[in-house]
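The values are calculated or read from the model by the stated rules, or taken from the named source; none is laboratory data. The structure displayed is predicted, hence computed values, not measured ones. Please note: Cβ atoms are built from the backbone with ideal geometry, for glycine as well, and neighbour counts cover all protein chains shown. We work out accessible area using only protein heavy atoms, side chains counted, and drop any ligands, DNA or RNA first. Shrake-Rupley method; radii C 1.70, N 1.55, O 1.52, S 1.80 Å.
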Amino acid sequence: LLTSVLGPRRVAAEPGPTDELADLCGHFPLALRIAATRLLLRPRHQIADDVQWLRDDPVGRLSVVGTPAMSLAQTFGTFLGGLSLPAIRACQTLGNSPRRLLSLDECAAALGLSLVDASAVLDQLIDASLLEGDAPGQYRMPALLRAFVRRDADVALSN
């Protein structure tokens with residue numbers, strides 16, 4: 001995606017920073033698109049410059065001013081706002097968990113739900129692309145969403 005937007009020459013000139021940018025974006029297509037757009041709008045910036053700038057607050061900084069559809073925080077907020085209250089609370093709880101990979105049993109315990117109810121809530125989060133089913137019975141929340149939850153998810157509860 002970065003190569004197709006920025007061009008092969010620009011990406012090839014900075015392979016290490018390009019890889020790091022992709023990692024910072026969690027390989028999430030919208031985040032990559034926003035990062036690439038920012039670089040297109042700043043043709044004299046090095047990819048390494050944006051990587052350095054992005055490290056401090058990727059969720060808050062992955063946006064194009066004046067374009068809500070190109071704001072990672074707004075997009076995550078919209079996704080969360082469309083969920084049921086139990087799913088929003090589950091997203092917050094799991095996003096604040098110190099563990100990155102959780103079993104269904106661990107999720108159910110953390111959420112205070114039965115396995116059946118926890119599975120239904122987790123399915124909502126997977127369907128909204130807010131949780132990944134890593135392997136059968138294993139769940140992982142993408143790093144950018146975890147950062148968002150820690151930073152802004154309470155906003156979704158007030159909307």
**Study point:** Hits in region 49-64 - residues which are of a type in the set (Val, Ile, Thr) and either assigned to a helix (DSSP H, G or I) or touching a residue at least 60 places away in the same chain (Cβ under 8 Å) (or both)
**Key:** Val51, Val59
Practice item. Could you check Gly137 against (1) at positive phi; (2) open to solvent by 60 Å² or more (accessible area, probe 1.4 Å) and say which number it fails? Key: (2)
Check your understanding: Taking region 1-30 on its own, how many of its residues are touching a residue at least 24 places away in the same chain (Cβ under 8 Å) and farther than 14 Å from Gln46 by Cβ?
Key -> 8
Review point. Any chance region 74-89 includes a residue that's outside any helix (DSSP H, G or I) and open to solvent by less than 60 Å² (accessible area, probe 1.4 Å)?
Key: yes
Check your understanding: Does at least one position in region 40-59 carry a residue that is modelled with pLDDT of 90 or more, surrounded by 17 or more Cβ atoms within 10 Å (Cβ to Cβ) and acidic (Asp, Glu)?
Key -> yes
Review point. Can you tell me which residue in region 11-32 is modelled with the lowest pLDDT, limited to those that are open to solvent by 30 Å² or more (accessible area, probe 1.4 Å), outside any loop (DSSP other than H, G, I, E, B) and touching a helix residue (DSSP H, G or I) at 6+ places or on another chain (Cβ under 7 Å)?
Key: Leu30
